[in-house]
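Report on one structure; see the data block that follows.
The values are calculated or read from the model by the stated rules, or taken from the named source; none is laboratory data. All of these numbers come straight from a predicted model, not from anything done at the bench. Here the Cβ is made from the backbone with ideal geometry for all residues, glycine too, and neighbour counts use every protein chain on show.
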Amino acid sequence: MSPVYRRRRRIERLMFGATAVATAVTLGVLVFLLGYIAWQGASALSLGFFTNLPAPVGEPGGGMANAIVGSGKLLLAAAAVGVPVGFLGGVYLAEYGHGRVASTVRYAADVLNGIPSIVIGITAYALLEKRFGVGTRRFASIVFMVTRAFADSVRVFATAIPIALILGPSVPPQYVMPVAILVLGALTLIYTYHGGMRAVVWTDVLQTSVYLLGGFSALYLIGKGVSGGWSAILEQFAEALAA
């Protein structure tokens, strides 16, 4: 083994360890915040929170029954439109679809299933340029970049809040949030540059695991915090739908 290769291996192990530590710290703070919110919020859960309508502004109490019922109606409406069309269209194309129209629809479905959404987005800008000119394409691109910049800024700020809570005792209050954002950006650049896509993929895997764990934990705590558990919640929900 050559000295250059051993050096590269040592750097790889060092950066992989730094990536693991940064990921563990970030996820640890996230788990702590989720656990704290769940622990403090579980005591405020009640059956009325899921079955009552929102109270007027300034009055205590109220619930989110309208949000639950509205989300259910939207989901059912979308399923009622999309499931029959997709299912019957698939059966027709697989069993009876012959001719130019069926071939075109089948080819379009295969293309949409096999092409990443970013490629379709690039094609959309090309179509804008072809139909309306370069100015329209540039304007649409600028609008997209500006809106994405605002959205990414919100994500960075929200992610930096846990780091700011950790750095709070050792950094002056007026500098704690800028320092937290700089620390977050530096850690992200380091593990992405040295770890490559492997570090990014593993970070996404761990984050997804934490999200799923938090969701299932929230469902469990809701069932434990409400008298009668999920059976009582579903019963009251059915009564609200019937009313």
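Brief remarks follow.
- Checking A80 against (1) modelled with pLDDT under 80; (2) not in a loop (DSSP other than H, G, I, E, B), the condition it does not meet: (1)
- Filter result for V105 (out of contact with any helix residue (DSSP H, G or I) (no Cβ under 8 Å at 6 or more places or on another chain), at pLDDT below 80 and under 25 Å from G89 (Cβ atoms)): no
- Region 177-208, residues that are touching a helix residue (DSSP H, G or I) at 6+ places or on another chain (Cβ under 7 Å) and closer than 23 Å to A164 by Cβ: M177, V179, A180, I181, V183, L184, L187, I190, Y191, T192, T203, L206
- Residue match in region 120-143 (condition: within 30 Å of A180 (Cα to Cα) and modelled with pLDDT of 80 or more): yes
- Residue list for region 225-239, restricted to those being surrounded by 12 or more Cβ atoms within 10 Å (Cβ to Cβ) and part of a helix (DSSP H, G or I): G225, G229, W230, A232, I233, L234, E235, Q236, F237
- As a summary of the residue check, I222 satisfies the conditions (1) modelled with pLDDT under 80; (2) crowded, with 16+ Cβ neighbours inside 10 Å except for the one numbered (1).
- Condition check for I142: β-branched (V, I, T), touching a residue at least 24 places away in the same chain (Cβ under 8 Å) and in a helix (DSSP H, G or I): no
- Per-region count, region 175-209, residues without any contact (Cβ under 8 Å) to a residue 12 or more places away in the chain, surrounded by 15 or more Cβ atoms within 10 Å (Cβ to Cβ) and either of a type in the set (G, A, S) or not in a helix (DSSP H, G or I) (or both): 0
- Any chance F16 is more than 25 Å from the chain's Cα centre (by Cα), hydrophobic (A, V, I, L, M, F, W, C), at pLDDT 75 or above and assigned to a helix (DSSP H, G or I): yes
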